1. Suppose we filter segment 125-156 for residues that are under 29 Å from Asp410 (Cα atoms) and touching a Gly at 6+ places or on another chain (Cβ under 9 Å); how many remain?
2. Hey, any hits in segment 365-377 for a residue that's within 14 Å of ligand 2 (Cβ to nearest atom), touching a helix residue (DSSP H, G or I) at 6+ places or on another chain (Cβ under 8 Å) and not aromatic (Phe, Trp, Tyr)?
3. Does Asp551 satisfy being crowded, with 16+ Cβ neighbours inside 10 Å and touching a Ser or Thr at 6+ places or on another chain (Cβ under 9 Å)?
4. Name every residue in segment 228-281 that is among the β-branched types (Val, Ile, Thr) and over 14 Å from Arg311 (Cβ atoms), in order of residue number.
5. List the residue pairs whose Cβ atoms are under 7 Å apart, where the first residue sits in segment 465-486 and is in contact (Cβ under 8 Å) with a residue 40 or more places away in the chain, the second is among the β-branched types (Val, Ile, Thr) and surrounded by 14 or more Cβ atoms within 10 Å (Cβ to Cβ), and the two are 6 or more positions apart or on different chains.
6. So which helices (runs of 4 or more DSSP H) stay within segment 538-630 end to end and still have 2 or more residues that are of a type in the set (Asp, Glu)?
7. Out of Glu333, Glu260, Glu308, which single residue is acidic (Asp, Glu) and over 21 Å from the mean Cα position of the chain (by Cα)?
8. Taking segment 184-232 as the region of interest, how many residues are outside any strand (DSSP E or B) and closer than 18 Å to Ile148 by Cβ?
Amino acid sequence: MLSLRHPLLSSALLFALQLLPNAYANNTPNALTSKLAATLVQTEIQQNQDALTYANYTEVSVSHVELALDVDFKQSRLSGEVTLDLAWHKAGKILILDTRDLTINSVTALDNAGKWQSIPFTLAKTDEVRGAALTINFTEQNTQKVKINYHTSDNPSGIQWLTPEQTQGKQLPFMFSQSQAIHARSWIPLQDTPAVRQTYSATITADKAITVVMSADRKTLSNTQTQFTMPQAIPAYLIAIAAGHLTFAPLNDISGVWAEPELIDKASQEFADTPKMIEIAAKRYGDYRWGRYDLLILPPSFPFGGMENPRLSFITPTVIAGDKSLVSLIAHELAHSWSGNLVTNATWRDLWLNEGFTTYVENRIMEDLYGRDRALMEQTISYSGLLAELTELSPRDSVLHLDLDGRSPDEAFSGVPYVKGQLFLVFLEHKFGREHFDAFVKNYFNHFAFQSITTTQFREYLSLNLLQKYPKIVSEAEVDNWIEDEGLPSFLVPPNSHAFDDIDTQRQAWLEEKRSTDKLKTGTWSVHQWLRFINEMPRINLNQAKLAELDKAFHFTGTGNSEIAFAWYSLALDNGYYAVLPALKQHLTNIGRLRLIVPLYQKLAGTDQYDWAKNVYLNARPGYHPQTQASLDDMFADTPLEHSH
Ligand code: BES
Ligand code: ZN
């Protein structure tokens, strides 16, 4: 990557400077002329388009993706072909697609006479962030269909291949995709930008013992072939696939759980409230528009808590706590059915439109289903988390309307779009009142349904339909402050749950030695109250003996609740309480969810436990997802260390 930094250079211009030498490096003479390239860059700047795609999507856009793929567990490879339907917005002969580490075997196009003809293409040099542009040069103008025969690489960033040993059942292999933000291009050549929406269909072939699922309507064709249809236009990052030993348990007529047989009962009990969540959200925000809503429980190496793939949210097993204490994750992924999947961020700079709205809607669902106390506790915990994160985050990444500045969206990922976004919407809710604000949000989802929009478009809609409709309540300057400024506005009213008052009082008394461990009254504490108890403990100089006493009384080390485990190990490491290390090793080895492991590795790497952590990492690494590997490799990239126990 070019590291050009000048305060007067806008990010768009910087992007343009970076784009030229990379994207067009290996083009043959019949590819883009530099004049056309310059025009493209011009439009990029004018239209504030997605800087993370090579696609010339203002000229031609993909309207339908048709996949015919083999899931080849022997070679850990997807191979086959994709047929793209094209909609031309200007007369033209050039199509540029996104790819990353794909092998392209051939490209054919449907000519005017209805024949498939072989077509020249060039694959540009790979850029670390955006991958490699695939430029296709048609012979005829406005070609309607193009077919690409390809296969994936050994370790695509958007797919994890698991051995049978890495699954619950230990008998059959498993694979799954994670396309958000820009990893769809590592398993399908396409226009990998959330600005472009397309329908998709797929015919997937796999061994007869393997069940294949996708983010689409599912139909079994034979014992080796499954067919999928997604009739609603979605952005590329929502195309998803998983395959393994899977069974299905219905929750009601439109909702159910897919999981390995060993987990299906526990999972369907844990998530039994999902149908109620759908009903609650649909009542407030308008019909659920995707037909079914199913959950897929992934192996613990899944790098996220959840992923809102339409019709089929992908879910980490680390939220199966046995007591429904972590089901806000389901409310969250479900909420994306409105914020994100229906109304989509047009670029990754606008991620807060997806995640901020979703975090807000998630919490409203939690409030309706489990009560105001639970919802406010969750808000308060997220807020404390955000404050802690803000002390470490680079100030520019504390802005809602993100400045990616050529970076990968993975690199700028933080709690800011989620929690600051949520706080902004809670602010508006309080100012305008629930009646008006709920109506506004519902109308917003309807107005922009099945569209991808930018922060600017949201702002215009907000001004017109809220600020000006009910004047003198919230100013444009205040909105500006929320959206464009660093940190948190001075006029923020922080969420504060009184269910934590007693927890804080008892902790304080315990810390001041006014109350002994056995006198703590914890009998009625919920998981969230326990989290509060642990999270707000001092981060240095907590007496080892006192930590050991707590651990002995409440059995934190080795707990089955992944959030409590994470909170406890964080506290232990901050205070150098290394009695947790054996259990922590299990935690780090068994789980691949970034949020539950990366901060712990970070803490370890900054102490004399660095070598211990590196050993744990090297042993766990083969079981981690490529994105988890990528996040952690840098941390331990100094000298090669023996691969040992
Ligand atoms: N869409 C996100 C996951 C994501 C975001 C993947 C950006 C890649 C890039 C998903 O809905 C999400 O937010 N997951 C959270 C859930 C939590 C905040 C309830 C997670 O994984 O922890
Ligand atoms: Zn989300």
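The values are calculated or read from the model by the stated rules, or taken from the named source; none is laboratory data. None of these values were measured; they are calculated from a predicted model. For neighbour counting, all protein chains shown are included, and Cβ atoms are generated from backbone atoms with ideal geometry for every residue, glycine included.
1. First pass over segment 125-156, keeping only residues under 29 Å from Asp410 (Cα atoms): 125-136, 148-156.
Imposing the further condition that a residue be touching a Gly at 6+ places or on another chain (Cβ under 9 Å) reduces the set to 129, 149-152.
Total meeting the criteria: 5.
2. Of the residues in segment 365-377, the ones within 14 Å of ligand 2 (Cβ to nearest atom) are 365.
Now drop any that are not touching a helix residue (DSSP H, G or I) at 6+ places or on another chain (Cβ under 8 Å), which leaves 365.
Next, from what is left, pick out any that are not aromatic (Phe, Trp, Tyr): 365.
Taking every residue of segment 365-377 in turn, at least one turns out to be within 14 Å of ligand 2 (Cβ to nearest atom), touching a helix residue (DSSP H, G or I) at 6+ places or on another chain (Cβ under 8 Å) and not aromatic (Phe, Trp, Tyr).
3. Working: crowded, with 16+ Cβ neighbours inside 10 Å: yes; touching a Ser or Thr at 6+ places or on another chain (Cβ under 9 Å): yes.
Criteria met by Asp551.
4. First pass over segment 228-281, keeping only residues among the β-branched types (Val, Ile, Thr): 229, 234, 239, 241, 247, 254, 257, 264, 274, 278, 280.
Listed by number, the residues that qualify are Thr247, Ile264, Ile280.
5. Note: pairs meeting the criteria are Ile483/Thr455; Glu484/Val399; Asp485/Val399; Glu486/Val399.
6. 544-554, 562-574
7. On the way: Glu333 fails: over 21 Å from the mean Cα position of the chain (by Cα); Glu308 fails: over 21 Å from the mean Cα position of the chain (by Cα).
Residue meeting the stated conditions: Glu260.
8. Keep residues of segment 184-232 that are outside any strand (DSSP E or B), which gives 184-189, 191-196, 206-210, 215-216, 221-224.
With the extra rule that they be closer than 18 Å to Ile148 by Cβ, the set shrinks to 184-189, 191-193, 196.
Within segment 184-232, residues that are outside any strand (DSSP E or B) and closer than 18 Å to Ile148 by Cβ number 10.
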